Amino acid sequence: MDVMEIVKKYSESIDNEIEASLSNIDPSTLREASNHLINAGGKKLRPVLVVLSSESVGGRTQDALKTAASMELIHTFSLIHDDIMDKDKMRRGKPSVHMLWGEPMAILAGDILFSKAFETVLETDAEIDPKRVVEALKTVVDSCIKICEGQALDIIFEGKLDVKEDEYLTMIYKKTAALISAAVKAGAILGGGTEKQIEALSEYGRLIGLAFQIQDDYLDVIGDEGDIGKPVGSDIVEGKMTLMAVHALVNASREDKKNLISILKSNNEDMVDEAISIFNKYGSIEYARNIALQNVKTAKELLQVLEDSDAKKSLELIADFVLERTH
């Protein structure tokens, strides 16, 4: 079974929970805006990780579905607000929410998804120990705080060309990996995992989350435009401080560093190849890839705390998928 088959196995049940959560939003305009990106698709890896994590420690699928849905609501909220802040016109092959309904309504759509996420967790089956539900909710809330902090750091880093590697890794942990880690941890909590299992799965999520973002950076320079859905090197054109840019700026000669800074400030598509050449010269692309590979390797080793099961195998496959994906 490949990862898309795993996602398909759970997607209908998760979609039903999301639909139930959003069905009573009023007025209808706000409901349509809130549903727009959810209906546009998405990998749904985060909600599936909640269910698999619960199953991997012996929990029931149904006990994790509400929290699984909440993860997709939070992820979608963050995308809507990101698109507003970045002024992105397209998302998942569709016009962004703010392009169709305007910024004020898009902000409200994001806000109501954010609020509905917490409500959905609290509606978890009454048969589960309420303490587990509260702990799962705490995990979800903490990830939301980190998402906001990570987005703030991302904004602060714009135009800042002396970002250190540990600063960059902190930013992508908060902005991207924290929600993935929370998905896995919350599932383990709801499934009744031991403290050791919950801790190991949380770290598994953190590591594959970091690898997921680093892979995005990597694909930006080695990917195919048709696969990644944007021009190759768009991060370079936007002057983003990816792990490759951070590494190259630290290791480059004075002349190459000066050239790279000039390119990152230029917003010039014609200079992308020159930047990639500098990345290659100092092994920055390979460096980023190796960190992502090591993260995935360590993440899979952490799963040894679990008994063998289909859920464990699926978690291993998802870890590999993070680096095998082309978009």
Practice task
Examine the range 312-327 for a residue that is of a type in the set (Val, Ile, Thr) and assigned to a loop (DSSP other than H, G, I, E, B), and state whether such a residue exists.
Solution key: yes
Practice task
Confirm whether residue 145 is hydrophobic (A, V, I, L, M, F, W, C) and farther than 23 Å from residue 290 by Cβ.
Solution key: yes
Exercise for the section: Name the one entry in 5, 72, 17, 12 that is under 23 Å from residue 200 (Cα atoms) and among the acidic types (Asp, Glu). Expected result: 72
Fill in the blank from the handout: Selection from the range 279-306 of residues more than 14 Å from residue 218 (Cα to Cα) and either free of Cβ contacts under 8 Å to residues at least 12 places away in the same chain or in contact with a Lys or Arg (Cβ under 9 Å, 6 or more places away or on another chain) (or both) yields 294, 295, 297, 299, 301, 303, 304, 305, 306
Handout entry: Of all residues making up the range 23-36, the number that are surrounded by 17 or more Cβ atoms within 10 Å (Cβ to Cβ) and closer than 19 Å to residue 118 by Cβ
Key = 4
Completion exercise
Of those in the range 1-22 that are farther than 28 Å from residue 99 by Cα, crowded, with 18+ Cβ neighbours inside 10 Å and of a type in the set (A, V, I, L, M, F, W, C), the residue farthest from the chain's Cα centre (by Cα) is 6
Exercise for the section: Select from the range 95-104 the residues that are buried (at least 17 other Cβ atoms within 10 Å of the Cβ) and either among the hydroxyl-bearing types (Ser, Thr, Tyr) or under 22 Å from residue 19 (Cβ atoms) (or both) and list them in ascending order. Expected result: 96, 97, 101
Practice task
Please enumerate the residues belonging to the range 123-138 that are among the hydrophobic types (A, V, I, L, M, F, W, C), part of a loop (DSSP other than H, G, I, E, B) and either surrounded by 15 or more Cβ atoms within 10 Å (Cβ to Cβ) or touching a residue at least 24 places away in the same chain (Cβ under 8 Å) (or both).
Solution key: 128
Practice task
List the number of the failed condition for residue 148; all other conditions in (1) surrounded by fewer than 21 Cβ atoms within 10 Å (Cβ to Cβ); (2) within 19 Å of residue 60 (Cβ to Cβ) hold.
Solution key: (2)
Exercise for the section: Tally the residues that are exposed (fewer than 14 other Cβ atoms within 10 Å of the Cβ) and of a type in the set (D, E, K, R), restricting the search to the range 105-122. Expected result: 1
Handout entry: Checklist (1) in a helix (DSSP H, G or I); (2) among the aliphatic types (A, V, I, L, M); (3) over 18 Å from the mean Cα position of the chain (by Cα) applied to residue 25, failing item
Key = (1)
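Yes or no, residue by residue, for (1) in a helix (DSSP H, G or I); (2) over 15 Å from the mean Cα position of the chain (by Cα):
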| position | (1), (2) |
| --- | --- |
| 43 | no, no |
| 46 | yes, no |
| 73 | yes, no |
| 85 | yes, yes |
Fill in the blank from the handout: Conditions (1) in contact with a helix residue (DSSP H, G or I) (Cβ under 9 Å, 6 or more places away or on another chain); (2) at pLDDT below 95 -> residue 158 fails only (1)
Problem - Among (1) within 19 Å of the chain's Cα centre (by Cα); (2) among the small types (Gly, Ala, Ser); (3) farther than 18 Å from residue 102 by Cα, the one test that residue 58 misses - result: (1)
Handout entry: Flag for residue 187 being of a type outside the set (Phe, Trp, Tyr), out of contact with any Cys (no Cβ under 9 Å at 6 or more places or on another chain), touching a residue at least 60 places away in the same chain (Cβ under 8 Å) and on the phi > 0 side of the Ramachandran plot
Key = no
Problem - Yes/no for residue 163 being closer than 30 Å to residue 266 by Cβ and surrounded by fewer than 22 Cβ atoms within 10 Å (Cβ to Cβ) - result: yes
Practice task
Please identify the pairs in which a residue from the range 87-108 that is in a helix (DSSP H, G or I) has its Cβ atom under 7 Å from the Cβ atom of a residue that is of a type in the set (D, E, K, R), counting only partners at least 6 apart or on another chain.
Solution key: 97/83; 98/83; 99/89
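The values are calculated or read from the model by the stated rules, or taken from the named source; none is laboratory data. Note that the structure is predicted; figures quoted are calculated from it, not measured. Note that we place each Cβ from the backbone using ideal geometry, even for glycine, and neighbour counts take in every protein chain shown.
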